[in-house]
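One structure is given here, and the rest of the page talks about it.
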Amino acid sequence: MEKLRETLRVRKERAILVAGLLSSQGDGDNLAELTALAESAGAVVVDKFQQKIRSINPARYIGKGKADQLAERVKRFKADVVIFDNDLSPAQIRGLEEIVHIKVLDRSELILDIFATRAKTRQAQLQVELAQLEYTYPRLIRMWGHLDTLAGAGGATAAGAVGAIGTRGPGEQQLEIDRRLVSKRIIDLRRELANIDRRRVREIDARRGMFKICIVGYTNAGKSTLLNALTDAGALVEDRLFATIDTRTRKWAPARGAEVLLSDTVGFVKNLPHQLVASFKATLEEAVNADLLLHIIDSSNPEVLKQIESVEKVLGEIGCGEKPILKVLNKVDAVKNIGDFEILQTLFPEAVCISAKTGFGLGKLAEAVLTKYRGGEVLLRVTISQSNGKIQSFLRAYGQILKEQYSDGLVLIDAKLGRNQLADLNRLGAEAIEILHT
């Protein structure tokens, strides 16, 4: 069976999708998202297979009879891989492969495979490799065929071929060698990612004073399309899950004098593998350090409420549950069920309706972001010397000057300014700042 697992890729393979549904999970098509994931990975879905189960079988997840039926379908459809919508234990994968005689993957392994094909930057590649190794570690039983020639701790070196000094003896089992090598690689990856994390912290520190906005949302909700519509990011846009997983940050001016940093993040799905959440922690730091989150929602998706729930769950896991969030109902041009959309608007009355593809509603989105950016307006009177051009320039750029009076070398300025900009105004050194109205 070890030959079945020499590759974790599902590209161009004929796939049968399987979902084991506990009685408490209800009915319905539970394979729609798995189908999209499999197709995103390059597989051709030739059959789908769902089974209601009272309890999880520890040996195969599904019952023996259903596993035999699955083996028959594998032969009938000439399948290359079986993909489960459930997370399987190593024993369950082995038990199933012994019956169906082809490779068996679970949901987490499929998502990890997709991430591996999408990673472009060095950081993303390291993060994916770390997640894959942490997932693979407990599943190492004879998976790594390319390590069969190793006989000692020296690996591929001449000394390692016969065992280094102090390691020669009765020898090690292949599994022990594999686990030791994987453990070492995990340590190396964490060390390299820690160095990248420190650089990212310095980058984030350099952005202090800038209002930071992070785009979050379910995969394929239109995050990259929105980033492109608001900035010149040039992010890849495709109608598939996890089209992009690399973070981009661009400047955006929702109004004159109001410049913010806008960052895109990796998309979420339900049951996102914990290894990915942990490995992409540095990438998700953009969300953790943001002043505002734009939660982009695909309002045309029939599973929209479940997607919202999944995103909020991941945000809670990474410590963003209490962050200011502005919900954005995207793809309104693609909505087919008006009744469901009206329910969505009722549930989230403060959400902004847009179409990032057509540009509809982007002006209203800028206004809503500007309100969050300013934190509410205040009317104030500022007294400065006539030589202090910095404050005058600041008020013209970030606020609205209502009145100016010149007297004895001083200037009295009545202006409207965002509450969040008061701290910046104070740092510029006015002689006096008086709040007239909040």
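The values are calculated or read from the model by the stated rules, or taken from the named source; none is laboratory data. Since the model is a prediction, treat every value here as computed from it, not as a measurement. When we count neighbours, we look across all protein chains shown, and the Cβ atoms used for this are built from the backbone with ideal geometry, even at glycine.
Kindly check whether there is at least one residue in the stretch 320-329 that is of a type in the set (A, V, I, L, M) and modelled with pLDDT under 90. Looking for residues that are of a type in the set (A, V, I, L, M) and modelled with pLDDT under 90, one finds none in the stretch 320-329, hence no. The residue of the stretch 353-376 that is farthest from GLN421 (Cα to Cα), among those that are crowded, with 17+ Cβ neighbours inside 10 Å and at pLDDT below 90, is LYS372. Evaluate the following for GLU350: is it modelled with pLDDT under 85 and loosely packed, with under 14 Cβ neighbours inside 10 Å? Judged against the criteria, GLU350 is not a match. Between LYS313, LYS327, the distinction of being assigned by TED's automatic domain parsing to the domain that holds GLY363, basic (Lys, Arg) and under 13 Å from VAL352 (Cβ atoms) belongs to LYS327 only.
For the stretch 1-112, the helices (runs of 4 or more DSSP H) that sit wholly inside it and include 3 or more residues that are at pLDDT 90 or above are 64-77, 90-100. Of all residue pairs spaced 6 or more apart or on separate chains, those with beta-carbon atoms under 8 Å, a first member in the stretch 368-382 that is on the phi > 0 side of the Ramachandran plot and a second member that is modelled with pLDDT under 85 are GLY375/GLY418; GLY375/ARG419; GLY375/ASN420; GLY376/GLY418; GLY376/ARG419; GLY376/THR438.
When you scan the stretch 67-86, do you find a residue that is in contact with a Phe, Trp or Tyr (Cβ under 8 Å, 6 or more places away or on another chain), closer than 25 Å to ASN220 by Cα and buried (at least 17 other Cβ atoms within 10 Å of the Cβ), even just one? The answer is yes, given that some residue of the stretch 67-86 is in contact with a Phe, Trp or Tyr (Cβ under 8 Å, 6 or more places away or on another chain), closer than 25 Å to ASN220 by Cα and buried (at least 17 other Cβ atoms within 10 Å of the Cβ).
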